[in-house]
1. May I ask you to list the residues in the range 268-327 that are of a type in the set (D, E), surrounded by fewer than 20 Cβ atoms within 10 Å (Cβ to Cβ) and not in a loop (DSSP other than H, G, I, E, B)?
2. Of the residues R138, R184, R142, only one is within 20 Å of I271 (Cα to Cα) and basic (K, R); which?
3. Failed condition for L332, given (1) under 25 Å from S151 (Cα atoms); (2) in contact (Cβ under 8 Å) with a residue 24 or more places away in the chain; (3) in the same structural domain as P61 (by TED's automatic domain parsing), with all others met?
4. What number of residues in the range 346-392 are without any contact (Cβ under 8 Å) to a residue 24 or more places away in the chain, in contact with a strand residue (DSSP E or B) (Cβ under 9 Å, 6 or more places away or on another chain) and closer than 30 Å to Q134 by Cβ?
5. Determine, yes or no, whether A56 is of a type in the set (A, V, I, L, M, F, W, C) and modelled with pLDDT under 95.
6. Just to be sure I understand the filter: pairs with C-beta atoms under 6 Å, separated by 6 or more residues or on different chains, first member in the range 107-125 and assigned by TED's automatic domain parsing to the domain that holds L34, second member basic (K, R) and surrounded by fewer than 23 Cβ atoms within 10 Å (Cβ to Cβ). Which pairs pass?
7. Just the residues that are in contact with a Gly (Cβ under 7 Å, 6 or more places away or on another chain) and of a type in the set (V, I, T), please, taken from the range 215-246.
8. Quick one: how many residues across the range 201-237 are aromatic (F, W, Y) and buried (at least 24 other Cβ atoms within 10 Å of the Cβ)?
Amino acid sequence: MHRRRFLTTAAAGIAGGLAPAVARAQAPIKIGVLLPFSKAFAVLGDNTLAGFTLGAREVGPEVAGRKYTIVKEDDTADPSVGVSKVRKLIDKDEVDVIVGTIHSGVAAAIRNPIVEARRLWLNPIATNDLLAEQGCSRYHFRFSASGWQSSAPMAPWAKRKAGERAYLCAFNFAFGQQTAAHFRKAFEAAGGKVVGESFPPFGTTNYAPYFPAIKDAQPHVVFANFAGPDAVAFVKQFAEFGLSPGVKIVAPSNLVSEDVLPAQGPAAVGIYSNSYYTPSHDIPKNRWFLKACREQVGKEADHFLCAGYDVAQALFGALRETKGDASSGERLAKVIEGMTIDSPRGRLRFDPKNHNPIQDVHMRVVQASPLRHVVVDILKDVAHPDTGACKL
């Protein structure tokens, strides 16, 4: 073959071989967002996405020179729907990263498909303890709190502040059952006594059948764990039945979160809750966050927006570090594992043993005029206990 023709042919072959690789390198990063956008948890999904959107707007349409696109799916807070939707995101949409979800049952159901596909999984809210213990994964990071963090640290605090007799009333699924069990263990370890328990099903609208048992047990404190419309119904009916203010309620943040507090109204006053985020927490990052939520996404800040925003901070920070390379979930995970995030909640970092957050927990009480949470105590650097079950 003539030398010039050979060089021309070889160059064309090399260029042809490189073209698909270049095209792939320049393709947008695909971010799959799996949240409940309908039914009972729709507001929670919308707020979490709004927080993520706020973080994405800080970055702009590109990160490290690469465009990104968001593919949304609605899991409806149903585990079977969640599995179907996450498989679509992975197999059909070929997303690089999964952001989700809210419901603990959905989180447990989607765990295996995500981990088997080796996708980075940023979990904004779901508290299922499985994901910090035997079901942990190097690809998974939680941005809210485990079931243990949402309940156990407040138990000795509640005994000191409210009394030694407790009643447990929570959702009849993983989040409710796990948090109630953790509260029981910690309350009894502090010298308290659990005098009864009830587990109403998800979607309960009438709690009146459960209140006589609470009244007869004569507790000083009720540990309650509900969210969305269930939380509104429980809090209002609890007050109407006449159990408060004589019996104090302590709860994870979702019972009286900002999305339900206006509907609960005066019935919520005096309820204690714990949370990683409180809108009234006066630090510079949170002052900016409150204003940005109102002006940029039209929302009042809450812990769902905070978690969504911090997911965006972690994801885009990791992508900057990898120069826009989203091809390795393991590489992205390694970057996030070493991060300390300047969050509206305060400092956020991840436990290298289980990828659960290490963070301060706010003990708050609902006050009137205006109706809001006020921090009354801060439990520093709360981490999920190392049970030895997690093997990253």
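The values are calculated or read from the model by the stated rules, or taken from the named source; none is laboratory data. From a predicted model like this one, the values you see are computed outputs, not experimental measurements. Glycine gets a Cβ as well: all are built from the backbone with ideal geometry, and neighbour counts include every protein chain shown.
1. Scanning the range 268-327 gives E295, E321.
2. Exactly one residue qualifies, and that residue is R184.
3. Among (1) under 25 Å from S151 (Cα atoms); (2) in contact (Cβ under 8 Å) with a residue 24 or more places away in the chain; (3) in the same structural domain as P61 (by TED's automatic domain parsing), the lone unmet condition for L332 is (1).
4. The number of residues fulfilling the criteria is 4.
5. No.
6. P113/R87
7. V221
8. Residues flagged as aromatic (F, W, Y) and buried (at least 24 other Cβ atoms within 10 Å of the Cβ) within the range 201-237 amount to 3.
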